[in-house]
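Working notes for the structure below.
The values are calculated or read from the model by the stated rules, or taken from the named source; none is laboratory data. Everything numeric here is computed off the predicted structure, so don't read it as measured data. A quick note on method: Cβ atoms are made from the backbone with ideal geometry, for glycine too, and the neighbour counts reach across all protein chains shown. Side chains included, ligands, DNA and RNA excluded: accessible areas come from the protein's heavy atoms. Shrake-Rupley method; radii C 1.70, N 1.55, O 1.52, S 1.80 Å.
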Amino acid sequence: MHIGFLGLGNMGGPMAANLIKAGHQLSVFDLSQAAIDSVVALGATAFTSPQALAQAAPEVLITMLPAAAHVKSVYLGNDGLLAQLAKATHLIDCSTIDPHSAREVAKAAQAAGHSMIDAPVSGGTTGAAAGTLTFMVGGSQAEFDFVQPILSAMGKNIVHCGDSGNGQVAKVANNMLLGISMIGVAEAMALGTALGMDAKVLAGIINTSSGRCWSSEINNPYPDVLENAPASRGYSGGFGSDLMLKDLGLATEAARLSKQPVMLGAAAQQLYQAFSLQGHGRLDFSAIIKLYLKE
Ligand code: NAD
């Protein structure tokens, strides 16, 4: 299939590579020449602007951009993809953005004669490279059925979450819980060790007791509890604190717009905001435990 791909960054680059591996013909654009070069080397065709790519008339167009502002600027307006695409196109936005913006862009796409789904992912850069991402899809059943084989080249779990925007709803709800649970585990590990417990023994108890969760078991924030966790290598790699801050901001903003209380989500957002201000935004989000430990 002829697929257009915009946004070839840490996630989009390896996702595009997996589509090429699966035999698709890729037309690509990114603001970064280095990002373009890396997928052209694998067989993709580069375009000099989103408009030029749109004129090449791909059947499917995928975007993997940083935030809602980028998604809106790429799709909407006279120069936007919706106006420039040469024919009706299946649009897939994989960026993590707020559900309200996702619905706004999908509605505009429909009005312009295209079909659009939101399909944010979880699984990080490792999952993107391995082709094992989870896709949370919002859109019609017919569109879900159409995109499923394409998304399967990049992911392992492709889940239909309901109508337009619901993929983003699933993503922000999950990541809000992840941020809250990480802070909870950090607080418990810091309390237990301050009161004299060995960190590994405490983690072992939590992971066989009712406090167990992904943040305690797979990405424990206490240094040297898990050999391969970011906490055991100075919090490098993993999921950056600033990306968690972004997702918590999406959750609290979506909550504000729907007048839904998220007391713990808002507290988590503020903690990550303070942490970012201290200059820790690039560290894995488990580094939030630094707020609780003596240097
Ligand atoms: P990134 O910053 O590495 O990549 C974004 C790419 O988009 C860059 O190459 C940039 O040049 C390009 N870009 C920006 N504006 C553009 C435009 N107008 N036209 C074309 N290209 C443009 O970001 P990433 O880590 O790949 O994340 C992408 C999305 O995936 C984000 O919404 C993020 O929240 C989400 N996400 C990231 C991870 C992760 O672990 N990195 C995990 C899950 C979801």
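Can you name the residue in region 253-266 that is touching a residue at least 60 places away in the same chain (Cβ under 8 Å) and surrounded by 15 or more Cβ atoms within 10 Å (Cβ to Cβ) and, of all such residues, is farthest from THR96 (Cα to Cα)? Checked region 253-266; the qualifying residue farthest from THR96 (Cα to Cα) is LEU264. Taken over region 145-191, residues that are under 25 Å from HIS114 (Cα atoms), touching a Leu at 6+ places or on another chain (Cβ under 9 Å) and assigned to a helix (DSSP H, G or I) amount to 4. Within region 8-66, the set of residues being in contact with a helix residue (DSSP H, G or I) (Cβ under 6 Å, 6 or more places away or on another chain), open to solvent by 10 Å² or more (accessible area, probe 1.4 Å), more than 9 Å from the ligand (Cβ to nearest atom) and under 18 Å from ALA83 (Cβ atoms) comprises PHE47, GLN51.
What is the residue count in region 227-252 for residues that are away from the ligand (no atom under 16 Å from the Cβ) and either within 19 Å of GLY123 (Cα to Cα) or open to solvent by less than 10 Å² (accessible area, probe 1.4 Å) (or both)?
2
Hand me the list of helices (runs of 4 or more DSSP H) wholly inside region 16-124 holding 1 or more residues that are charged (D, E, K, R).
Numbers: elements: 33-40, 50-55, 68-75, 81-84, 99-111.
Answer list for region 16-124: 33-40, 68-75, 99-111.
Filtered by the rule that a residue be closer than 9 Å to VAL39 by Cβ and assigned to a strand (DSSP E or B), region 1-15 gives a lone residue, PHE5. With respect to being touching a residue at least 12 places away in the same chain (Cβ under 8 Å), surrounded by fewer than 21 Cβ atoms within 10 Å (Cβ to Cβ), among the aromatic types (Phe, Trp, Tyr) and not in a loop (DSSP other than H, G, I, E, B), PHE135 falls outside the description.
For residues in region 120-132 being open to solvent by less than 20 Å² (accessible area, probe 1.4 Å) and within 11 Å of the ligand (Cβ to nearest atom), which is farthest from ALA86 (Cα to Cα)?
Of all residues in region 120-132, those open to solvent by less than 20 Å² (accessible area, probe 1.4 Å) come to 120-121, 127-128, 131.
Imposing the further condition that a residue be within 11 Å of the ligand (Cβ to nearest atom) reduces the set to 120-121, 127-128.
Working: PRO120: 26, VAL121: 28, GLY127: 33, ALA128: 29 Å.
This residue is GLY127.
The residues in region 91-119 that are open to solvent by 50 Å² or more (accessible area, probe 1.4 Å) and touching a strand residue (DSSP E or B) at 6+ places or on another chain (Cβ under 9 Å) can be counted, and the count is 3.
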